[in-house]
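Trainee: The structure's right below; bear with me while I get my questions together.
What follows draws every value from the coordinates through simple rules; no lab data is involved. Being a predicted model, the structure only gives us computed values, none of them experimental. In this analysis, Cβ positions are derived from the backbone assuming ideal geometry, glycine residues included, and neighbour counts consider all displayed protein chains.
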Amino acid sequence: MAVNIIKNTPSAIDRAARALREGGLAAFPTETVYGLGADAANGVAVARIFAAKGRPRFNPLIVHVAGLDAATPFAVLNEQALRLAEAFWPGPLTLVAPRRSGCGLSDLVSAGLDTVALRAPAHDVAQALIRASGLAIAAPSANRSGHVSPTRAEHVAADLAGRVEVILDGGPCAAGIESTIVGLMEEEPLLLRPGAIPRERIEAVLGGPLRRPAENGALHAPGGLTSHYAPRAVLRLGVTAPEPGEPCLAFGAVGGAGAPTESRLNLSPSGSLEEAAANLFAFLRALDALGAPSIAVAPIPDVGLGEAINDRLRRAAAPR
Ligand code: TXA
Ligand code: MG
């Protein structure tokens with residue numbers, strides 16, 4: 001299969017929608033990262049996602065829908081889930097809730113669990129594709145399993161060329177970090193994955209604290225494997241003084257010697273966590289491409305979006 005990056009025009013969206021309806025794969029931009037989509041009701045098509053990514057079958061997928069009305073046939077949404085959907089959909093929030101039996105989704109989407117993850121993306125192209133196809137679209141991030149998530153169409157092509165019918169190019173993703181995942185399987189909502197909506201905003205809507213599930217517990221996001229988002233280089237975190245010549249990822253104001261170069265990138269010179277999240281994966285890819293054995297990463301404050309940024313950095317740095 002040739003690389004098939006196409007600009008996002010109405011005819012490109014129709015072509016991608018047709019590919020999905022015919023059981024093929026189409027990569028598309030969302031406000032968080034690019035997704036690798038298939039018809040969520042077609043088990044053969046969903047199986048192709050796992051094959052294209054090299055993804056373990058025990059790791060379930062997020063189902064993308066236009067909004068709350070389209071989500072309710074698939075899952076039992078409790079009062080807290082409805083409140084969160086109302087506050088944040090369309091947007092970078094994924095809700096995990098009990099799956100309705102006979103809901104028509106492929107069992108593979110849930111990887112054998114009795115829950116399903118649902119999200120209504122805000123990106124125009126993602127919405128247009130959902131509507132043009134008339135489908136619920138199962139879509140993980142459009143990278144090979146364990147690699148850094150793609151925030152540009154070229155990143156998708158670098159990982160998946162030849163494994164996907166169409167890559168819709170919508171330019172760089174605005175948020176740059178994956179959706180926040182909240183589990184609503186029980187009374188108490190759980191933060192299954194920190195992400196593009198900071199926990200503080202979700203807690204404000206819920207009116208109470210969001211607990212993280214116990215590590216290795218049954219309710220942990222199955223895809224929350226410790227090593228993930230992995231560049232080739234070893235990441236050294238919390239480094240204030242990089243080794244001479246070591247590529248480094250800075251954050252915030254740095255002194256005169258800290259001006260950006262090819263091997264010294266700054267996630268956000270002004271110290272904005274939003275800007276840092278948007279740059280994170282593209283900068284990690286760029287520094288990794290230099291081929292050095294290690295990359296030094298500056299400390300990032302662990303508040304707001306910093307929780308998701310630090311989560312991805314820890315996974316990228318985990319031994320493998
Ligand atoms: O922003 C995003 O969420 C992007 C875009 C494309 O929407 N998608 C994304 O998908 O990040 P993926 O597959 O890379 O990560 C989805 C995570 C995985 O860690 C998976 O284990 C978890 O969601 N997940 C999916 N279904 C689940 C379920 N039923 N219960 C618990 N975790 C689930
Ligand atoms: Mg992923």
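Trainee: Give me the mean projected area, in nm² to one decimal, of the convex hull enclosing the Cα positions of the chain.
Mentor: 15.7
Trainee: Go through region 267-281 residue by residue and turn each phi into a ³J(HN,Hα) via Karplus (6.51, -1.76, 1.60, θ = phi - 60°); whole Hz please, and just put x for glycine and proline.
Mentor: My calculation for region 267-281 gives 4, 6, x, 8, x, 8, 5, 4, 5, 4, 4, 5, 8, 3, 6 Hz in order.
Trainee: Under 5 Å between amide hydrogens, which residues at least 5 positions from residue 236 or on another chain qualify, with H placed 1.01 Å from N in the peptide plane?
Mentor: Answer set, sorted by chain and number: 295, 296, 297.
Trainee: Which whole-number percent gives the relative contact order of the chain, counting Cα pairs below 8 Å spaced six or more residues apart? Don't skip to the end; give the middle numbers.
Mentor: On the way: 720 pairs, mean separation 66.3, N = 320.
Relative CO of the chain lands at 21 percent.
Trainee: Viscosity 0.890 mPa s, temperature 25 °C: what is the translational diffusion coefficient of region 1-97 from Stokes-Einstein with a Kirkwood Rh over Cα pairs, rounded to a whole number of µm²/s?
Mentor: For the chosen part, D equals 162 µm²/s.
Trainee: Please list 3J(HN,Hα) in residue order for region 125-137, calculated via the Karplus relation 6.51 cos²θ - 1.76 cosθ + 1.60 where θ = phi - 60°; whole Hz, with x for glycine and proline.
Mentor: Karplus-based 3J(HN,Hα) across region 125-137 equals 5, 4, 4, 5, 5, 4, 5, 5, 7, x, 10, 8, 10 Hz.
Trainee: I would also like to ask the following. With a 10 Å Cβ neighbour count serving as the proxy for reagent exposure, in which order, fewest first, do 7, 53 appear?
Mentor: 7, 53
Trainee: Among 159, 169, 107, which comes first, second and so on when ranked by fewest other beta-carbon atoms within 10 Å?
Mentor: Result, fewest neighbours first: 107, 169, 159.
Trainee: Can you classify region 1-51 as rounded, prolate or oblate using the Cα gyration tensor, where a ≥ b ≥ c are the square roots of its eigenvalues, rounded means a/c under 1.5, and otherwise it's prolate if a/b beats b/c and oblate if not? Before the final figure, lay out each step's value.
Mentor: Working: a/c = 1.65, a/b = 1.39, b/c = 1.18.
Verdict is prolate for region 1-51.
Trainee: Given R₀ = 41 Å, FRET efficiency for residue 262-residue 201 by Cβ-Cβ distance, to 0.05?
Mentor: 0.70
Trainee: Separate question: Can you run phi through the Karplus equation (6.51, -1.76, 1.60; θ = phi - 60°) for region 296-306 and list ³J(HN,Hα) in whole Hz, with x for Gly and Pro?
Mentor: 8, 10, 5, x, 10, x, 8, 10, x, 4, x
Trainee: Something else about it: With just the Cα atoms defining each centre, how far is region 116-172 from region 260-290? Give it in Å.
Mentor: One Cα centre to the other: 22 Å.
Trainee: Additional query: At 222 nm, what helix-only mean residue ellipticity would the chain give, in deg cm²/dmol to the nearest 500, using -39500 (n - 2.57) for each DSSP H run of four or more?
Mentor: -8500 deg cm²/dmol
Trainee: How much of the DSSP beta bridge set in the chain is antiparallel, as a percent to the nearest 5?
Mentor: Roughly 45 percent of the DSSP beta bridges within the chain come out antiparallel.
Trainee: So what's region 121-160 giving for Cα Rg divided by 2.2 N^0.38 Å, two decimals?
Mentor: Computed over Cα atoms of region 121-160, the ratio equals 1.30.
Trainee: Please list the non-local residues whose amide H lies under 5 Å from the amide H of residue 115, H modeled 1.01 Å from N, same-chain partners needing a gap of 5 or more.
Mentor: Counting only residues 5 or more places away or on other chains, the set is 99.
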